[in-house]
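The values are calculated or read from the model by the stated rules, or taken from the named source; none is laboratory data. These numbers come from a predicted model, not from an experiment. Quick reminder, even Gly has a Cβ in these numbers, built from the backbone with ideal geometry, and neighbours come from all protein chains shown. Just the protein is used for accessible areas: all its heavy atoms, side chains included, with ligands, DNA and RNA removed. Shrake-Rupley method; radii C 1.70, N 1.55, O 1.52, S 1.80 Å.
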Amino acid sequence: MKTPIYIIEEEKLRRNLALIREVAHRTDSEWILAFKAFALWKTFPIFREFISSTTASSLSEARLALEEFGAKAHTYSPAYKDDEFDDIVRCSSHLTFNSLSQYERLHQRAGECSLGLRINPEYSEVGTLLYNPCAPGTRFGVTADKLPQVLPSDIRGFHCHCHCESGSDVFERSLQHIEEKFSKWFPQIEWINFGGGHLVTRKDYDIALLVRLMQGFHQRYPHLKVIFEPGSAFAWQTGPLVASVVDIVEDKGIRTAILDVSFTCHMPDCLEMPYYPEVRGAELVAEDAAGEGVAGHSDSTGHLYRLGGNSCLSGDFMGMWRFDHELQVGEAVVFEDMIHYTTVKTNTFNGITHPSIAMRCQDGSLKMLRQFTYEDYRDRMD
């Protein structure tokens with residue numbers, strides 16, 4: 001198998017989809033796919049067996065929903081461009097405005113879309129500021145003090161997003177703030193979208209708590225349709241990024257295995273968030289605990305390597321990893337769980353070979369979905 005390559009595993013994808021369909025049924029809510037985390041459209045026929053809608057944040061994503069998924073999108077954007085708005089409306093069933101000023105300028109052009117407003121509960125437990133949509137000074141949503149007592153007559157729903165790979169316990173606390181600040185407007189709307197970040201497919205997610213929360217919510221507001229739009233939950237742990245060792249270099253006692261992938265190009269969240277991915281067959285070691293074994297020769301610490309990307313960015317590397325053997329040029333290094341978000345955020349900086357995308361089918365065969373060429377790099381700047 002030629003590397004680098006992302007491999008989505010059909011069996012694991014179907015397992016996640018089946019679980020989400022079950023959760024949707026048990027919570028009497030609609031769960032839709034957020035393209036911002038997963039947009040491998042050649043897998044959409046599988047998704048259509050389990051869900052019927054998607055969520056978009058741009059014209060391109062809205063077109064993907066209509067033209068490739070086969071259904072109009074639930075669309076939200078921080079700001080709609082005037083020259084794109086009519087096309088977004090054409091591709092959307094629901095359309096959420098980020099601000100009252102955007103609503104005032106554009107709502108009369110929204111056609112048959114069910115219109116909503118994004119609300120800001122001013123509460124989020126997302127610890128990383130880069131991902132916190134409710135941080136002070138946020139550009140997302142309308143706070144309760146800015147809403148009129150009577151909503152515009154064509155506003156049908158609220159959209160609230162304040163989670164990131166969160167559990168139902170976090171949602172329980174967030175829901176209290178949402179209701180405290182906005183429930184007085186609930187009689188005026190028909191639907192509420194609780195956004196993404198609900199990681200129901202994670203092993204430790206308390207689904208029973210979510211079911212109880214939704215049972216209570218439906219009892220309090222039986223007229224409201226509830227929508228969730230996670231991205232990560234659908235593709236959580238559905239496949240790896242497989243790379244190969246191209247060279248091994250050493251400086252100041254630190255050995256770096258240079259790979260044929262790049263963190264900044266192909267795993268940007270590792271540097272942005274940052275977070276450490278799981279590497280198959282290796283153990284992450286704190287650099288201050290590596291000690292004298294950092295060069296990879298110590299029997300007491302094993303074979304330690306820093307994993308480095310193949311770009312010219314000096315900081316394109318990640319962690320110290322202990323392997324149980326000496327790495328060799330040409331050997332595969334497997335980064336687990338690299339399908340959600342990673343595949344939609346890649347870039348072609350330095351013209352580095354972009355990983356291919358394949359699917360491991362249920363029968364064990366490998367189906368190539370996309371291979372990238374020089375022309376893909378060239379034509380981005382055509």
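A few comments on the model shown:
- Compared with the alpha-carbon gap, the fully stretched path from TYR131 to VAL246 is longer by 38.1 nm at 0.36 nm per residue.
- Angle in degrees between helix 207-220 and the longest Cα principal axis of the chain, rounded to the nearest 10: 10
- Whole-number accessible area per residue in Å² for the chain, which is evaluated in the context of all protein chains at 1.4 Å: 46
- Of the solvent-accessible surface of the stretch 157-232, computed with a 1.4 Å probe and all protein chains present, 46% belongs to carbon and sulfur.
- Cross-link check: pairs LYS12/LYS181; LYS2/LYS345; LYS42/LYS181; LYS146/LYS225 evaluated at a Cα-Cα cut-off of 30 Å; pairs beyond the cut-off: LYS12/LYS181; LYS42/LYS181.
- The residue list SER166, PRO222, GLN176 was ranked by how far each Cα lies along the charge dipole of the stretch 152-311 toward its positive end, using unit charges on Cβ atoms, and PRO222 comes out on top.
- Helix axis angle, 10-27 relative to the chain longest principal axis, alpha carbon, degrees: 30
- Computed extension length for GLN176-HIS218: 13.7 nm, one decimal, from 0.36 nm per residue of separation with the Cα-Cα distance subtracted.
- Cut-off 18 Å, label 7 Å out along Cα→Cβ of ARG63, residues of the stretch 362-382 by amide N: 376, 379-382
- Sites ILE207 and ARG280 - FRET efficiency at Förster radius 35 Å, r taken between beta-carbons, to 0.05: 0.80
- Highest mobility in the GNM of the chain, judged by mean-square fluctuation with C-alpha springs under 10 Å and restricted to ALA282, ALA73, ALA233, is found for ALA282.
- Using the Cβ-Cβ distance between ARG26 and SER365 with R0 = 45 Å, the FRET efficiency computed as 1/(1 + (r/R0)^6) comes to roughly 0.85.
- Gyration tensor (alpha-carbon) shape descriptor, the chain, a/c threshold 1.5: prolate
- As a fraction of the 1.4 Å probe accessible area of the stretch 1-110, surface on carbon and sulfur atoms comes out at 46 percent.
- Placing a pseudo-label 7 Å from each Cα along the Cα-to-Cβ vector at VAL329 and SER101 gives an inter-label distance of 5.8 nm.
- LEU369 sits with roughly 10 Å² accessible to a 1.4 Å probe, with DNA, RNA and ligands left out of the calculation.
- Here the simple spin-label model places points 7 Å from the Cα toward Cβ, and for ARG90 and LEU151 these points are separated by 2.9 nm.
- Residue order for GLU229, GLU11, GLU49 - accessible surface, 1.4 angstrom probe, largest first: GLU11, GLU49, GLU229
- Area accessible to solvent at THR264, 1.4 Å probe radius, in Å²: 30
- Accessible area, probe 1.4 Å, largest first, for residues ILE352, ILE339: ILE352, ILE339
- Solvent-accessible area of CYS164, all protein chains in place: 40 Å² (probe radius 1.4 Å, heavy atoms, ligands and nucleic acids excluded).
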